[in-house]
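Quick note: the coordinates plus some simple rules give every number you see, no bench work behind them. It should be emphasised that the depicted structure is a prediction, and the values quoted were computed from it without experimental measurement. Methodologically, a virtual Cβ is constructed for each residue, glycine included, from the backbone with ideal geometry; neighbour enumeration extends over all protein chains shown.
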Amino acid sequence: MKSRNLAALVAASGLALAAAGAFAQTVKIGFITSYSGLNGNLGPYMERGMRLYLKEHQKELPPGVNIEFLIRDDTGPNPDKAKQLAQELIVRDKVNLLAGVIFTPNAMAIAPLATEAKVPFVIMNAGTAVITTRSPYIARLSFTLWQSCYPLGQWAAKKFKRVYTLVSDFGPGHDCEDAIVRATKESGGEVAGTVRVPLSNPDFVPYMQRVKDAKPDALAVFIPAGKTATAVLKAFGDLGLSKAGIKLIGPGDVTTDEELENMGEAALGVLTVHHYSAAATRPANQAFVAAWKRDYGANETPNFVAVGGWDGMAAILYAVKEQKGKIDPDRTMELLKNFKDPNSPRGPISIDPTTRDIVQPEYLREVRRVGGKLANVEIETLGAAVKDPWKELNKK
Ligand code: PHB
C-alpha cells in the first residue's frame, strides 16, 4: 500500500472512531447485592439473572449504547454498608441507576439517597411492603411478602383449622406474619400461635419443639431464602413435626429452588405460595431455564432471586431503549411505572403505576419429585394479577 493511501486510511478510521465516540452512550448501573454474610449465595443468582437477560437481549440496545455494571457486595443485611456503597456509586461513580438488593434493611437505607440524588432504584428482591413508599425513585420488580402470605393465609384457612406462624424477626417476616394472621381471622380460621426468631443463624430446634407442643394443623414459615431455609427444613424433619400431623406451609422462600436438593426428603409435600418456580412449564420459563443451564451449567437451577434480576434488567433495558441511552431520572420513572411483560418466566407481569410495585401471578405449589429431582410443582393459580395487598388494604 502506498504511504499516501495508508495515511488516508488512518485518517478515515480516526474519523470513524471519533464519530462512534460522539454517539457512544454508556449507561452505568450501580448494582448492590449480597455475595457474603448471611445467605451470601443469593447475590450471584441475582447478578446472573440480570446478566443473562442483557445477553439474550443485547441486540435490542440502540446503536452506540452500552451498559456498564458496577458490582458491589453489601455483605448481607447491613444497612450501613449498603448506604455507603450507594453513596459512593452516586457521588463518585455517577451511576445512572441503582439496582439489586436482597435485604429489606439495605433497601430502606438506600431509599433516601435515591430521592436526594434523583437516581432511579430498581429493586430486584427486598420484599417488605413499605419500601416503595420510601422513595418516588424506587420501582420494585421482585415481590412483596404480602403478595404471597396473604393469599397463602386465605387458602390455608379453608384447609387447616389452626395455623401457627414462625417468621424471621425483621421487616419481611413481620409482613408475612401480619398477612397470614389477618387472612386467617378474616377467613374464620384460628391462629394457634406466632413466634419471631432472630434473623441470623438461629437454632430452630427449640422453636420447632414449641410449635409441636401447640399441635397446630399447619405451620407457616417465612425465613430468608438460601441456607436458612434448609436449616428450617432440617429442624422440622428432625423433630418429627410432619409425623405429628403438622403441615409445613409458607411463601416460596422456605422451599427456594436452589436449596431443594440440600433439603432432601423433609421438603416433600411442603405447600407454598409464590410467583416463581424453576419447575414451571410455561414456555417462557422453559426458555429461561434452558438459557440458564446453557450458560451456567447443566446442574444449575435458577430461583426467584434470579428472576428478580432477569425482570429487573428487562425493565431497565426498556427504559434505556425508550430514551436511546440518555437517562433522565423522571422520564425513567415514568417508563418504569408503565413497564409490562406478558412473557416473564413467572407469567404476565406489570408495574402498578400508583405504587411502583410489581403486579404478578401467585401460584400454589407443592414440593414433589419430578424426574428424580425435588421441584416446586405449580398446582393452582391463586391470583393471576396480584397487587401488593398491604397497599390495597391501606388505601387512603
Ligand atoms: C428481604 O429482606 O426483604 C428478604 C430477604 C430474603 C427473602 C425475602 C425477602 O427470601
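So here's what we get for this one:
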item	result
Degrees separating the helix 304-322 axis from the principal Cα axis of the chain, which is the longest one	30 degrees
Ranking of Trp155, Trp146, Trp390 by count of other Cβ atoms within 10 Å, fewest first	Trp155, Trp390, Trp146
Paramagnetic reach from Glu322 (point 7 Å along Cα→Cβ, amide N under 17 Å) across the stretch 353-396	353-359
Convex hull of Cα atoms in the chain, direction-averaged projection (nm²)	21.6 nm²
Simple label model, 7 Å out from Cα along Cβ direction - Asn338 to Lys55, nm	3.3 nm
Residue order, fewest to most beta carbons within 10 Å, for Asp80, Asp217, Asp175	Asp80, Asp217, Asp175
Difference of contour (0.36 nm per residue) and Cα-Cα distance, Arg210 to Val91	37.9 nm
Built amide H within the under 5 Å cut-off of Val377, gap 5+	Glu366, Val367, Arg368
Note, ³J(HN,Hα) from phi for the stretch 75-90, Karplus 6.51, -1.76, 1.60, rounded to Hz, x at Gly and Pro	6, x, x, 8, x, 5, 5, 4, 5, 4, 5, 5, 4, 4, 5, 6
Relative contact order of the chain, pairs being alpha-carbon contacts under 8 Å that are 6 or more residues apart, as %	17 percent
Karplus-derived HN-Hα couplings along the stretch 205-217 (A = 6.51, B = -1.76, C = 1.60, θ = phi - 60°), whole Hz, x at Gly and Pro	4, x, 5, 5, 5, 4, 5, 4, 5, 7, 6, x, 7
Dimensions in Å of the stretch 249-385 - Rg and Dmax from alpha carbons	16.4, 52
Footprinting exposure proxy for Phe288, Phe143 (fewest neighbouring C-beta atoms within 10 Å first)	Phe288, Phe143
5 angstrom amide H check on Val195, placed H, neighbours 5+ away	Thr165, Leu166, Val167
Long-range amide H partners of Ser36 with built H, under 5 Å	Thr75, Gly76
Cα centroid of the stretch 254-297 to Cα centroid of the stretch 98-130, whole Å	26 Å
